1. With unit charges on the beta carbons (Lys and Arg positive, Asp and Glu negative) and the dipole taken about the Cα centre of the range 15-107, which residue among A50, T60, G33 sits farthest to the positive side?
2. At q = 0.16, 0.18 Å⁻¹, what base-10 log of I(q)/I(0) does the Debye formula yield for the range 202-317 when every alpha carbon is treated as an equal point scatterer in vacuo?
3. Using 0.36 nm per residue, how much length does the chain from S363 to E32 gain when fully extended, once their Cα-Cα distance is taken away?
4. What accessible area per residue, rounded to a whole number of Å², is obtained for the range 253-367 using a probe radius of 1.4 Å?
5. For every other residue with a beta carbon closer than 14 angstrom to the beta carbon of A259, add +1 if it is Lys or Arg and -1 if Asp or Glu, then tell me the sum.
6. Accessible area, 1.4 Å probe, largest first: how do R91, R25 sort?
7. Using only the heavy atoms of the protein chains and a 1.4 Å probe, how would K296, K200 rank by accessible area, largest first?
8. Given 37 °C and 0.692 mPa s, how large is the Stokes-Einstein diffusion coefficient of the range 22-131 in µm²/s, with Rh as the Kirkwood radius over Cα pairs?
Amino acid sequence: EKGGYEHFMLKEIFEQPKSIHDTMRGRLIVNEGVIKMAGIWDHIEKFKNANRIIIIACGTSWHAGLIGEYLIEEFARIPVEVEYASEFRYRNPIITDKDVVIAISQSGETADTMAALKLAKEKGAFIYGICNVVDSSIARITDAGSYTHAGPEIGVASTKAFTAQLTILSLIALKLGKHNGNLGNAEFMSLISELDAIPKKIEEVLEATHELTQHIAKDFIQATNFLYLGRGYNYPAALEGALKLKEISYIHAEGYPAAEMKHGPIALIDENMPIVIIAPKKGHYDKIVSNVQEIKARKGKVVAVVNKGDKQVSEMADYVIEIPETSECFSPIVASVPLQLLAYYIAVYRGANVDQPRNLAKSVTVE
Ligand code: M6R
């Protein structure tokens, strides 16, 4: 059932070219230049007239939501707020019937997300679900939705469900942007072909980084802390990289937007601090170069995720993980894959129970 892999998590990491393809199947029709999503199309007026979109989720799904905010605001120009379900539901939030609420949940059973949705529904918001598990409680309570179709995810640490959520959010943002005229046809066409190429690029990443991440992981088995940094679209990818590591390896890890380093976390940096930094060419690259300089001046150990052929960051980094170039907005999908592998191998070498980490459950049905 693990298909020859040692753990479900590794199997699920390797399934991503296929799961992302499945998420896009029947939706992204590149040669016709269209994105078909019945859930969105049937309620397009709700989205068009929305004052704002509120994304509600927990954990990894919340990280996907943050990237969703960047995507929807950039391409559809609709204001987006992203909320932890547990915070939203207990603070008497302002919700009106002009709001569209999007819930993201792999399991579709997360108690806090469910309760937040009930509240939003009571207040008259239109609620949309992005779930992986078909016919789950959240999928059933929402007015409409899109399934991620990533297939069953067994490993407690979410991997393929996350990249599938990012794929759905990309499709929604591009569809809304095209429809409301904020996204011109040429740009739309070039973005959809880029998105269509993502499964192939993930295949390349898996091939190019599978051994490399094992080698890097071996050097960090004794680490007690990690920082993960990224900017723009890759800031939430840094949060997700850190969450993966702490969940399964029990090493303390924190994600930060790279520019926030100087507001506190830089005090932590010395020769014992590993720092994973996501630095693709597109997206504040020069700023990231200076962040890496600041880290190296304090002797931090840099693991850099860069584009193929990168020079500036690579020359300074202690470890270099190369990924293919893509549009900035899709780069977290590609960059997340080697971070999943790195967390996986660090955990495996520490002897941790990767698929069933201590204290965690696959779906959190308690409040
Ligand atoms: O099923 P959900 O997407 O609603 O779950 C939300 C979180 O519990 C979940 O993402 C959790 O953070 C994962 N273990 C992360 O790997």
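The values are calculated or read from the model by the stated rules, or taken from the named source; none is laboratory data. The shown structure was predicted, so the numbers you read here are calculated from the model rather than taken from an experiment. Cβ placement follows ideal geometry from the backbone for every residue including glycine, while neighbour counts extend to all protein chains displayed. Remember, those area values only see protein heavy atoms, side chains included, never the ligands or the DNA or RNA. Shrake-Rupley method; radii C 1.70, N 1.55, O 1.52, S 1.80 Å.
1. Value: G33.
2. -0.72, -0.93
3. Working: separation 331, 0.36 × 331 = 119.16 nm, distance 3.85 nm.
The span from S363 to E32 would gain 115.3 nm if fully extended.
4. Details: 4940 Å² over 115 residues.
Computed with neighbouring chains in place, this is 43 Å² per residue.
5. 0
6. Details: R91 115, R25 145 Å².
Of R91, R25, the descending order of accessible area is R25, R91.
7. Numbers: K296 60, K200 115 Å².
Largest accessible area first, the list is K200, K296.
8. Values: Rh = 14.4 Å.
Rounded, D is 227 µm²/s.
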